[in-house]
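Take a look at the structure set out below.
Just so it is clear, none of the values below were taken in a lab; they were calculated from the coordinates. Since we're looking at a predicted model, the values are computed, not measured. A quick note on method: Cβ atoms are made from the backbone with ideal geometry, for glycine too, and the neighbour counts reach across all protein chains shown.
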Amino acid sequence: MGISRKKRFADDSYTHGAFRWFGIGFEFCIVVGFFCVIGYFLDTLENTSPGWLIMGFFVGFGVMFYNMVKRAKKEDDSQKADDDDDKPAG
């Protein structure tokens, strides 16, 4: 059976995980914005608007999407390891 809502929110791991993913979302926006600014700067130098800007968006999005999937897999693996440690032997 599942954990009650009151116990789940009282546990610090819940808020820790929520803030971790909030931070990753913030980082996602910063990195995509950074690549877009670089693309905008290249567009102004070469007068190729909006080619580099769009390319910068997709590169930044791809980099952060890969990073986010890698972190989620790492967290899932560590959570599975913690769950295996909690199971009684036998």
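Observations, loosely collected:
- Pairs where the first residue, in segment 42-63, is closer than 18 Å to C29 by Cβ and the second is aliphatic (A, V, I, L, M), C-beta under 7 Å, 6+ apart: G56/I38; F57/V32; G60/V31; G60/V32; F61/V32; V63/V31
- Tally of residues being under 9 Å from F61 (Cα atoms) and of a type in the set (S, T, Y) across segment 28-43: 0
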